[in-house]
Amino acid sequence: MKRREFITLLGGGTVAWPIAARAQQAAVPVVGFLAATSNDLNADFLRSFRQALREAGYVEGENVGFEYRWADLQFERLPGLATELAQRRVAVLVTVGDAATLAAKTATTTIPIVFQVGDDPARMGLVANLARPGGNLTGINFFAGELAAKRLELLRVLVPGAVRVAVLVNPASPNTQSVLKDVEAAARAMGLQIQVHNTGTIDEIDTAFATFLRERPDALFVGPNPFFRARRVQLALLAAQHRVPAVYSLRDYVEVGGLMSYGASLSDALRQAGVYVGRILKGAKPADLPVAQSSKFELVINLQPARMLGITVPPSLLARADEVIE
């Protein structure tokens, strides 16, 4: 081989190597992640999601990438953030919560979406039916609102004499009406009187609790909502200050001083979502993946606020609890 031919080939190879490297890098699928809350509220749960993907053979930074978009409780930002991820042409779009899922549904009809929602996905118009979704969406239903009757039942066991129950809901949440419908039906069946408080800001939470001085509710039901979850410390402190026993939808309320929670495990729901994302990355279609229903539910009781409120937790309730915080 002549020297000039060798240099020409070497030069061509030098140009080709980075092109090949870029092509290989571009082939790595990117998973979009959209939530109405902030990164810190989802850090623990994301570990379960990533673990499920690892078990499916996908490791972040090696053969899969992630694009995160957090609305930080500014719900009006969700449509724009969903559009950003759709324009990024992610391989799969994972959504946490009803509002984020509805925004993603509007943003794309082609990118596979794996949702986690508390309301009925069929009732929300996300899927044709649970068994065969039929479009580009499938995911996990964790029954955030549909467990209202169970939470009220547990609250009644904890506070047998309760008659008047204050209910906190966020009017900005897309599932508020369905939650209220379930709460009102359950309350009627149990002979409970409810007083609904629409609270979508920090000041409105303070105002709602201020009315307790006049209304004297026997107990408090905090509706499932990402805003309330972000304000869980405020809610737990105010419930203790006003000496009102409260029930919540997620364990992290109880971990910061709340009295009792009952609901699906978000960590397990994200694990299930990770399983579905792994299957879609391997070629499965959302239309053929039935909507999964949460299979792990947690009853968590914190005895410290119970003692402060002078409540003796019945042994039968303690025996049913998945965790009791001393």
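Key figures for this structure:
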| quantity | calculated |
| --- | --- |
| Count of the stretch 266-285 residues which are open to solvent by 10 Å² or more (accessible area, probe 1.4 Å) and not acidic (Asp, Glu) | 13 |
| Enumeration of residues in the stretch 164-179 that are basic (Lys, Arg) and closer than 13 Å to Leu102 by Cβ | none |
| Residues being part of a helix (DSSP H, G or I), within 22 Å of the chain's Cα centre (by Cα) and of a type in the set (A, V, I, L, M, F, W, C) - total across the stretch 216-247 | 6 |
| Breaking point among (1) modelled with pLDDT under 95; (2) in a helix (DSSP H, G or I); (3) open to solvent by 10 Å² or more (accessible area, probe 1.4 Å); (4) farther than 22 Å from Arg231 by Cβ, for Gly80 | (1) |
| The listed residue being modelled with pLDDT of 90 or more, more than 19 Å from Ser249 (Cα to Cα) and within 20 Å of the chain's Cα centre (by Cα), out of Ala131, Ala104 | Ala104 |
| Residues of the stretch 158-177 that turn out to be open to solvent by 50 Å² or more (accessible area, probe 1.4 Å) and either in contact with a helix residue (DSSP H, G or I) (Cβ under 9 Å, 6 or more places away or on another chain) or in contact (Cβ under 8 Å) with a residue 24 or more places away in the chain (or both), as a count | 6 |
| Residue in the stretch 88-99 that is nearest to Pro174 (Cα to Cα), counting only those that are at pLDDT 95 or above and surrounded by 20 or more Cβ atoms within 10 Å (Cβ to Cβ) | Thr95 |
| So Ala284, is it in a helix (DSSP H, G or I) and small (Gly, Ala, Ser) | no |
| Selected residue (only one of Gly139, Gly134 is in contact (Cβ under 8 Å) with a residue 40 or more places away in the chain and touching a helix residue (DSSP H, G or I) at 6+ places or on another chain (Cβ under 6 Å)) | Gly134 |
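Quick grid of which residues meet (1) closer than 24 Å to Ala287 by Cα; (2) hydrophobic (A, V, I, L, M, F, W, C):
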| residue | (1), (2) |
| --- | --- |
| Leu102 | yes, yes |
| Gly118 | yes, no |
| Leu155 | no, yes |
| Val159 | no, yes |
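A quick yes/no check of all residues on (1) aromatic (Phe, Trp, Tyr); (2) within 13 Å of Arg151 (Cα to Cα); (3) open to solvent by less than 10 Å² (accessible area, probe 1.4 Å):
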| site | (1), (2), (3) |
| --- | --- |
| Phe227 | yes, no, no |
| Val233 | no, no, no |
| Ala240 | no, no, no |
| Val247 | no, yes, yes |
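The values are calculated or read from the model by the stated rules, or taken from the named source; none is laboratory data. As the structure is a prediction and not an experimental result, all values here were calculated from the model. Neighbour counts run over all protein chains shown; Cβ positions are idealised from the backbone, glycine included. For the accessible areas, the whole protein counts, side chains as well, though only heavy atoms, and no ligand, DNA or RNA atoms are used. Shrake-Rupley method; radii C 1.70, N 1.55, O 1.52, S 1.80 Å.
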